[in-house]
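What follows is a short report on a single structure.
The values are calculated or read from the model by the stated rules, or taken from the named source; none is laboratory data. This one's a predicted model, so the numbers in the text were calculated from it and none came from an experiment. Here the Cβ positions follow ideal geometry from the backbone for every residue, glycine too, while neighbour counts run over all protein chains shown. Please note that ligands, DNA and RNA were not included when accessible areas were found on the heavy atoms of the full protein model with its side chains. Shrake-Rupley method; radii C 1.70, N 1.55, O 1.52, S 1.80 Å.
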Amino acid sequence: MIQNASFQRKVLYLGLIALLLIPLYMIGHPATGDPTQLSASPGGQLAQLRTEYDLAPTELGEIDPASESMKLATLGMKGVAANILWTKANYYKKTEDWEKLVAAVNQMAKLQPNFVSVWEFQSHNLSYNISVEHDDYRFRYLWVKKGIEFLIKGTRYNRNEPRLFWTVGWYTGQKFGRADEHKQFRRLFQDDKDFHAMLSQHIPIDTEARGADQRPDNWLTSRLWYESAYDIVDTGRGPIRGKSPHIFYSDGSKALMNYANEIETEGVLDEKAQYAWRRAGESWALYGNRIVPSSWGIRFRLNDEEAAIAEAQRLSDELDKLVPGLREKIKLEKIAALAEPDRVALAKEWDEISGELEGTRKYQAEQNTQVSFREVAEASPTELRARAFRLAKQAAEKETEAIRIASYRSNVNFKYWRARCAVEQLPKTVNARRHIFKAKELMEGAYLDEAKIEFELAWQDWGATFNEHRALVSELAEDDLAEDIQEYMKLLGQLDEELPPNFALREILAKFMPMPEPYLGTEGNSPAPDGSEPTDATPSTPEAATEGNESNDDPAAAAPAKPAATETESTPAAESTEASDKAKASEPALESDPAKSTSDSSEEDSSSAESADSDSDE
């Protein structure tokens, strides 16, 4: 009897256990199938929560048994284990034990596959720090590729992290296209069919990344990765982390510009180059129409600056029409209140200013005699004051909007690249670059007289382009031509000839490099076009602007500075609560030819000081 009772209890317990497995399965079973298909199962409640909060891979095809087993084996101490592995990886790097380094990095990624910094930092180690330890460029290429492959593996575990997709694009474009060995790297990339096969599983490299020679191009490939990052943000699957939106969204178009510039330097100077620049210009225009959030809590388009300036001017004219002559009266009163030396300096034109002190006085006097919209409204008659204040407020708001857009434009050198894309499409521009390319080839072959003829044909085309499209050319930084002009002057030196006084690009030569006075004419020291004090100093030649590099992610951190080698995110000039003068957007920092940078600078990972070990040639 007792034995029967014991047996019955066991059967009952087994039955209850079996019944409990049913709700446990309903709650915890994983998702199966493609989520886009009707036959797919979202999984149990726990699987759906993991999917909603991105806690772990939930589809059967993405669960890594080795990773899950390692997490269980650490008994909840995977963070400690990851730190130990991180320390070992740094040690192996210093001792140049590359095999153990790769093993440590892979183990670290399996322990914490959703820790984005692991993928970013260690991929940087592989592509930048370790690659430069090898002398043979082929080995360097392999380590760069290892870093990119490691990053791509990270995107599998972090499908909704746009930062990783952006970084893959950055490495593919910048490391293969900017390093000292970029010519060899580009050639190896174009011929690397195994790498292309792996990439084709993630992006349409076979259809959308083929260059002028119908082989995959690293710059076009990088653009596809940028587009993948944009898609994640635009569909709301993940936020932008660690970058300002207007910088983040500019890199896809910049990749097309770098591609167009690169094929020209490689000798593709025909309709393919024109098409590449046209495509880049269209992409840049779309970028300008994209609504981007700002650090001021408002959203705007970079293409809206001109409209904001025009609206501010219209409102200003309406205010002046409401109270005619009042602005001039206030300004005359302010001028009368100035000290005598300041009034004298203010009355002079900039080309009449002598000395730094007088220039400072003129600048300060101009600032002190500006009349704000609010001052006009306050001085208006009582019966018109309400309407005057309304117009003044609207004009000040539009002026402030224009200033803010201008500051964001300067971060990405918006006007320069817009003008560059437009100018590079012109037939005469392509012909000029073709002549220069041929002239350099002839110089290498010691055909000096023939090279001189080609150079002179190029200057004629450039001069015609500058004269016919002055509005566009005024936005450009012609410093990339200064290098070609220097080559031409070296050629003249070898031929014992001097630069002709009627040289077509005399203005550019005077602007970017010293030139004997007889050749400068009266234009060598003309007043600055923006009204600033003229200077005899030759501005430093800006290097190529890299795609997304910024010194600060908050555009409110520093004012836009002089032309820089990278797209530093600067801050608009501090805005007065009363926008005083007529809206006048500052010119963007000049950004030069993207093919000329020897910098492979990337945004260093803040997760560790180890990023300071990055190779000096980047």
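Just to be sure before I move on: is Glu375 assigned to a helix (DSSP H, G or I), under 24 Å from Asp304 (Cβ atoms) and in contact (Cβ under 8 Å) with a residue 40 or more places away in the chain in the structure I sent?
Criteria not met by Glu375.
So Lys145 clears everything in (1) farther than 16 Å from Lys93 by Cβ; (2) open to solvent by less than 10 Å² (accessible area, probe 1.4 Å) except one condition, right? Which one?
(2)
Within the set of pairs 6 or more residues apart or between chains, which connect a residue that is within 16 Å of Thr221 (Cα to Cα) and among the hydrophobic types (A, V, I, L, M, F, W, C) inside the stretch 155-182 to a residue that is at pLDDT 95 or above and open to solvent by 10 Å² or more (accessible area, probe 1.4 Å) with Cβ atoms less than 6 Å apart?
Phe165/Ser228
Looking at (1) in contact with a Pro (Cβ under 9 Å, 6 or more places away or on another chain); (2) acidic (Asp, Glu); (3) under 18 Å from Thr167 (Cβ atoms), find the lone condition where Glu262 falls short.
Unmet for Glu262, out of (1) in contact with a Pro (Cβ under 9 Å, 6 or more places away or on another chain); (2) acidic (Asp, Glu); (3) under 18 Å from Thr167 (Cβ atoms): (3).
Looking at (1) part of a helix (DSSP H, G or I); (2) surrounded by 13 or more Cβ atoms within 10 Å (Cβ to Cβ); (3) out of contact with any Lys or Arg (no Cβ under 8 Å at 6 or more places or on another chain); (4) not β-branched (Val, Ile, Thr), which is the only condition Glu328 fails?
It fails just one condition, (2).
Anything in the stretch 446-459 that is touching a helix residue (DSSP H, G or I) at 6+ places or on another chain (Cβ under 7 Å) and either over 13 Å from Ala432 (Cβ atoms) or surrounded by fewer than 18 Cβ atoms within 10 Å (Cβ to Cβ) (or both)? List them, or say none. Don't jump to the end; show me each part of the working.
At the first step, the residues of the stretch 446-459 found to be touching a helix residue (DSSP H, G or I) at 6+ places or on another chain (Cβ under 7 Å) are 448, 450-452, 454-455, 457-458.
Hits for the stretch 446-459 are Leu448, Glu450, Ala451, Lys452, Leu457.
Restricting to the stretch 268-285, count the residues that are open to solvent by 30 Å² or more (accessible area, probe 1.4 Å) and not acidic (Asp, Glu).
Here the count works out to 7.
Name the pairs whose Cβ atoms lie under 8 Å apart, with the first residue in the stretch 405-423 and over 11 Å from Glu305 (Cα atoms), the second part of a helix (DSSP H, G or I) and open to solvent by 10 Å² or more (accessible area, probe 1.4 Å), and 6 or more positions between them or separate chains?
If the second residue must be part of a helix (DSSP H, G or I) and open to solvent by 10 Å² or more (accessible area, probe 1.4 Å), the pairs left are Arg418/Gly281; Arg418/Ala285; Ala419/Leu472; Cys421/Arg278; Cys421/Gly281; Ala422/Gly281; Ala422/Leu472; Val423/Leu472.
Only one of Arg241, Arg290 is touching a Phe, Trp or Tyr at 6+ places or on another chain (Cβ under 9 Å) and touching a residue at least 24 places away in the same chain (Cβ under 8 Å). Can you tell me which?
It is Arg290.
Testing Thr87 on (1) closer than 30 Å to Tyr230 by Cα; (2) in a helix (DSSP H, G or I), one condition comes back false. Which one is that?
(1)
Of the residues Asp97, Asp136, only one is modelled with pLDDT of 90 or more, surrounded by fewer than 22 Cβ atoms within 10 Å (Cβ to Cβ) and either among the charged types (D, E, K, R) or over 31 Å from the mean Cα position of the chain (by Cα) (or both); which?
Working: Asp97 fails: modelled with pLDDT of 90 or more.
Criteria check complete, one pass: Asp136.
Sort out which residues of the stretch 148-170 are part of a helix (DSSP H, G or I), open to solvent by 10 Å² or more (accessible area, probe 1.4 Å) and either in contact with a Ser or Thr (Cβ under 6 Å, 6 or more places away or on another chain) or among the basic types (Lys, Arg) (or both), and write them in order of number.
Phe150, Lys153, Arg156, Arg163, Phe165
For residues that are open to solvent by less than 70 Å² (accessible area, probe 1.4 Å) and either at pLDDT below 90 or touching a helix residue (DSSP H, G or I) at 6+ places or on another chain (Cβ under 9 Å) (or both), tally how many sit in the stretch 232-247.
From the stretch 232-247, those open to solvent by less than 70 Å² (accessible area, probe 1.4 Å) are 232-233, 236, 238-240, 242-247; that's our starting set.
Narrowing the set further to residues that are either at pLDDT below 90 or touching a helix residue (DSSP H, G or I) at 6+ places or on another chain (Cβ under 9 Å) (or both) leaves 232-233, 238-240, 242-247.
Here the count works out to 11.
Return a yes/no flag: does the stretch 359-367 have any residue that is among the β-branched types (Val, Ile, Thr) and open to solvent by 50 Å² or more (accessible area, probe 1.4 Å). Break it down into steps so the answer makes sense when it comes.
So the first thing to find is which residues in the stretch 359-367 are among the β-branched types (Val, Ile, Thr), and the list is 360.
Narrowing further to those that are open to solvent by 50 Å² or more (accessible area, probe 1.4 Å): 360.
Yes: the stretch 359-367 contains one or more residues that are among the β-branched types (Val, Ile, Thr) and open to solvent by 50 Å² or more (accessible area, probe 1.4 Å).
Can you name the residue in the stretch 23-44 that is part of a helix (DSSP H, G or I) and open to solvent by less than 100 Å² (accessible area, probe 1.4 Å) and, of all such residues, is modelled with the lowest pLDDT?
Looking at residues that are part of a helix (DSSP H, G or I) and open to solvent by less than 100 Å² (accessible area, probe 1.4 Å), I get Gly28.
Could you please let me know if Ile263 is within 30 Å of Glu378 (Cα to Cα) and open to solvent by less than 30 Å² (accessible area, probe 1.4 Å)?
It is false that Ile263 is within 30 Å of Glu378 (Cα to Cα) and open to solvent by less than 30 Å² (accessible area, probe 1.4 Å).
Scan Arg506, Arg418 and give me the residue that is over 23 Å from Ser283 (Cβ atoms) and of a type in the set (D, E, K, R).
Exactly one residue qualifies, and that residue is Arg506.
Here's a check for you: in the stretch 171-204, which residue that is of a type in the set (Gly, Ala, Ser) and buried (at least 20 other Cβ atoms within 10 Å of the Cβ) is farthest from Arg237 (Cα to Cα)?
In this case the residue turns out to be Ala179.
Taking the stretch 268-297, which residues are part of a loop (DSSP other than H, G, I, E, B), of a type outside the set (Ser, Thr, Tyr), out of contact with any helix residue (DSSP H, G or I) (no Cβ under 7 Å at 6 or more places or on another chain) and more than 25 Å from Lys438 (Cα to Cα)?
Listed by number, the residues that qualify are Arg290, Ile291, Gly297.
Mind checking whether some residue in the stretch 437-453 is of a type in the set (Gly, Ala, Ser), touching an Asp or Glu at 6+ places or on another chain (Cβ under 7 Å) and outside any helix (DSSP H, G or I)?
No, the stretch 437-453 contains no residue that is of a type in the set (Gly, Ala, Ser), touching an Asp or Glu at 6+ places or on another chain (Cβ under 7 Å) and outside any helix (DSSP H, G or I).
Residues checked against (1) within 18 Å of Gln274 (Cα to Cα); (2) at pLDDT 90 or above:
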site	(1), (2)
Pro427	yes, yes
Val430	yes, yes
Glu444	no, yes
Ile453	no, yes
Ala471	no, no
Gln494	no, yes
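Could you tell me whether any residue of the stretch 460-470 is touching a Lys or Arg at 6+ places or on another chain (Cβ under 7 Å), surrounded by fewer than 17 Cβ atoms within 10 Å (Cβ to Cβ) and free of Cβ contacts under 8 Å to residues at least 40 places away in the same chain?
yes
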